[in-house]
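Enquirer: One structure, pasted below without further comment.
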Amino acid sequence: MNKEEQVLMGFRELYNKMAWLNKVKMEVGLNGHKSSEVHCIESIGRIVDPNVTKLAESLYMTRGAITKITKKLMQKGLIENYQKPENKKEIYFRLTEQGKEIDKVHAELHQEFRERDKVVFEQVTEEQYDSMLHFIKKYNVHLDTEIKKQGIDLKSE
């Protein structure tokens with residue numbers, strides 16, 4: 001296995017281990033809400049005037065998938081929709097108090113996981129961080145280019 005394959009395999013392995021390790025606490029702490037729902041809640045809490053298009057772009061999901069998730073979240077009383085007086089066509093979302101609580105618990109769980117993993121990150125030098133961030137940025141730019149080449153447009157799906 002060459003170094004490129006080792007890096008990609010390493011990313012996949014890290015992600016899978018983190019997901020596995022965090023899964024039980026997330027399920028218990030978030031009352032069994034699906035990951036996609038919780039991340040949608042997080043995005044609604046973070047994005048200014050979140051609508052289906054902005055959420056699809058933020059979460060790398062189709063508009064259809066976001067529509068399904070937001071309908072479920074509204075049925076569960078975690079979000080509500082609204083319109084602006086100057087734009088009656090567009091529908092936006094905001095968190096309800098119950099949704100804010102889920103978002104808060106989610107953030108607290110991520111903080112707990114960061115604390116757990118702090119021992120590793122404390123050993124990383126500034127230069128190593130810079131190198132990793134440079135690589136991640138380059139890879140993201142490449143993937144964005146590939147997405148455009150393939151004509152993938154989340155806004156129209």
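Condition check ((1) within 15 Å of the chain's Cα centre (by Cα); (2) closer than 29 Å to Phe135 by Cα) across all residues:
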site	(1), (2)
Lys3	no, yes
Met9	no, yes
Ala19	yes, yes
Glu27	no, no
Leu55	yes, yes
Lys76	no, no
Thr96	no, no
Asp103	yes, no
Leu109	yes, yes
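Enquirer: Then there is this: Does Lys100 satisfy being touching a residue at least 40 places away in the same chain (Cβ under 8 Å), outside any strand (DSSP E or B) and open to solvent by 80 Å² or more (accessible area, probe 1.4 Å)? Talk me through it step by step, then tell me what you get.
Expert: Numbers: touching a residue at least 40 places away in the same chain (Cβ under 8 Å): yes; outside any strand (DSSP E or B): yes; open to solvent by 80 Å² or more (accessible area, probe 1.4 Å): yes.
Against the criterion (touching a residue at least 40 places away in the same chain (Cβ under 8 Å), outside any strand (DSSP E or B) and open to solvent by 80 Å² or more (accessible area, probe 1.4 Å)), Lys100 qualifies.
Enquirer: To continue, here is another question. Enumerate the helices (runs of 4 or more DSSP H) found wholly within region 5-93, keeping only those where 1 or more residues are surrounded by 13 or more Cβ atoms within 10 Å (Cβ to Cβ) and touching a Cys at 6+ places or on another chain (Cβ under 8 Å).
Expert: 52-59, 63-75
Enquirer: Filter region 74-93 down to residues that are out of contact with any helix residue (DSSP H, G or I) (no Cβ under 6 Å at 6 or more places or on another chain) and among the hydrophobic types (A, V, I, L, M, F, W, C) and give me whichever is farthest from Leu30 (Cα to Cα).
Expert: It comes out as Ile91.
Enquirer: I would also like to ask the following. Could you tell me which residue of region 1-34 is modelled with the lowest pLDDT, considering only residues that are small (Gly, Ala, Ser) and over 21 Å from Glu115 (Cβ atoms)?
Expert: Here the residue is Gly32.
Enquirer: Also: Has region 114-121 got at least one residue that is basic (Lys, Arg), more than 27 Å from Leu14 (Cβ to Cβ) and either in contact with a helix residue (DSSP H, G or I) (Cβ under 9 Å, 6 or more places away or on another chain) or crowded, with 16+ Cβ neighbours inside 10 Å (or both)? Outline the logic, then answer.
Expert: Our first condition is that a residue be basic (Lys, Arg); within region 114-121, this holds for 114, 116, 118.
Next, from what is left, pick out any that are more than 27 Å from Leu14 (Cβ to Cβ): none.
Checked against the condition, which is being basic (Lys, Arg), more than 27 Å from Leu14 (Cβ to Cβ) and either in contact with a helix residue (DSSP H, G or I) (Cβ under 9 Å, 6 or more places away or on another chain) or crowded, with 16+ Cβ neighbours inside 10 Å (or both), region 114-121 yields no hits at all.
The values are calculated or read from the model by the stated rules, or taken from the named source; none is laboratory data. As the structure is a prediction and not an experimental result, all values here were calculated from the model. Heads up, the Cβs are rebuilt from the backbone with ideal geometry, glycines too, and the neighbour counts pull from every protein chain shown. Heavy atoms of the whole protein, side chains included, go into the accessibility calculation; ligands, DNA and RNA do not. Shrake-Rupley method; radii C 1.70, N 1.55, O 1.52, S 1.80 Å.
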